Amino acid sequence: MFQKIKIISLVLISSSLSVAGSVNFDFRFESDSASYNTAAKTAGAKESSQFLMRTGRVDFKGLLNKDINYRLRLRVDRDSETTQNKTDNFSTQVDYAYIQHKISERFALTAGKFASEVGSIEGNMSSPDIYMPTQAYKAISANNFLYVSGAKLTYSQGEQDASVFMVNQSESQSTEQTKLAYGIGYKGSFLEKTLTPVAGYLSDEKQGTVSGAKLTTTISSLGIKWDPQPYYLSFDYIVYAQKNITAVDVNDTATTMVFDAGYDFEGVIPKFKYELTKKTGSAKEQYDGVVVGVEFKPYPEDIFRYHVMVTQMNIKPDVGDSRFEQHLLVGTRIYGDFLK
């Protein structure tokens with residue numbers, strides 16, 4: 001509660017000042033009706049219907065001068081007073097908290113907490129636009145690789161950005177940090193910004209929780225988006241691999257492929273997404289997921305919309321019956337600037 005009061009106070013203070021920046025809000029509200037087959041219910045799933053705030057955040061952006069900018073994005077959909085990350089002292093309510101210094105025409109240095117950008121096209125899009133996160137996105141987020149804390153050096157030339165970063169290890173309450181993780185990323189833009197390739201790599205290594213062997217995680221991703229408007233198409237390929245998870249030579253690899261598409265009929269936007277994920281190692285499973293539905297934007301110039309989406313996921317284990325789940329999502333999203 002105290003954290004939310006601080007967020008509101010920051011908004012009010014910022015609204016009363018003339019600043020070279022913005023204070024944005026982003027909320028997504030919806031009803032979620034979930035149903036499962038018998039195998040999923042046997043595994044513990046329970047059918048439910050609920051109204052919830054899926055996304056709630058406040059985003060502060062500003063310029064100190066022509067070379068230095070800063071950003072702070074806080075969550076109001078999480079209550080994490082006691083879940084401070086032991087490696088960097090950020091709570092999970094903080095997505096971004098960084099300063100960026102443009103040290104030359106082509107180089108910029110970022111320090112603080114920022115996006116790793118290793119999740120391919122999906123990992124670089126706004127999370128309120130994701131109705132069913134892929135298995136790769138879930139793993140990256142759950143293991144604290146979506147937002148990382150450390151330093152990043154970015155080289156930019158035209159519409160091309162290449163970055164290298166050194167960051168803290170993924171959070172774990174049962175192991176101490178032993179070395180820094182590192183990664184590289186690339187984002188480009190071609191054909192008048194209609195073709196966007198994205199690539200990323202991250203390597204993380206820390207002391208294992210059970211054996212003396214190091215627990216290593218690598219994320220390799222490659223994606224491309226074609227967005228000539230009014231339609232778009234995108235494809236992602238992500239490999240999430242872990243070694244020595246619980247003991248020496250106990251390894252898991254998840255390979256995810258994603259196809260995403262949509263078409264804007266003057267504010268009515270049907271969307272389709274398909275995911276195929278194969279997991280090998282200690283647990284062999286195949287995930288087949290589909291999202292289909294429509295967004296409606298009554299005011300195309302503003303980021304306000306309604307959405308009706310159906311998501312389906314079928315999980316086929318190596319042994320046993322397939323588990324099936326379905327969600328009907330009906331909701332709205334609004335995004336704007338408090339200072340306007």
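The values are calculated or read from the model by the stated rules, or taken from the named source; none is laboratory data. For clarity, every value in this text was computed on a predicted model and none was experimentally measured. When we count neighbours, we look across all protein chains shown, and the Cβ atoms used for this are built from the backbone with ideal geometry, even at glycine.
Observations
- Flag not set for LYS225, criterion: surrounded by 19 or more Cβ atoms within 10 Å (Cβ to Cβ) and either over 24 Å from GLU192 (Cα atoms) or at pLDDT below 95 (or both).
- Yes/no for THR196 being part of a strand (DSSP E or B), within 24 Å of HIS307 (Cβ to Cβ) and touching a helix residue (DSSP H, G or I) at 6+ places or on another chain (Cβ under 6 Å): no
- Checked against the criterion of being farther than 15 Å from LYS243 by Cβ, assigned to a strand (DSSP E or B) and touching a strand residue (DSSP E or B) at 6+ places or on another chain (Cβ under 8 Å), the candidates LEU222, LEU215 yield just one match: LEU222.
- In the range 293-340, the residues that are over 20 Å from the mean Cα position of the chain (by Cα) and of a type in the set (A, V, I, L, M, F, W, C): VAL294, PHE296, PHE304, VAL308, VAL310, ILE315, VAL319, PHE324, LEU328, VAL330, PHE338, LEU339
- The residue that is farthest from ARG73 (Cα to Cα), counting only those in the range 97-120 that are in a loop (DSSP other than H, G, I, E, B) and in contact (Cβ under 8 Å) with a residue 40 or more places away in the chain, is ARG106.
- When the criteria are applied in full, ASP227 meets the requirement of being within 25 Å of PRO300 (Cα to Cα) and touching a residue at least 24 places away in the same chain (Cβ under 8 Å).
Listed here are the residues, each with its yes/no results for (1) part of a strand (DSSP E or B); (2) touching an Asp or Glu at 6+ places or on another chain (Cβ under 6 Å); (3) more than 16 Å from SER234 (Cβ to Cβ).
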| site | (1), (2), (3) |
| --- | --- |
| ALA261 | yes, no, no |
| PRO270 | yes, no, no |
| GLU275 | yes, no, no |
| LYS279 | yes, yes, yes |
| ALA283 | no, no, yes |
| GLN286 | yes, no, yes |
| VAL291 | yes, no, no |
| PRO300 | no, no, yes |
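- Test for ILE238: is it of a type in the set (A, V, I, L, M, F, W, C) and under 23 Å from ALA139 (Cα atoms): yes
- Of all residues in the range 171-180, none satisfies being closer than 18 Å to THR218 by Cα, of a type in the set (Ser, Thr, Tyr) and at pLDDT 95 or above.
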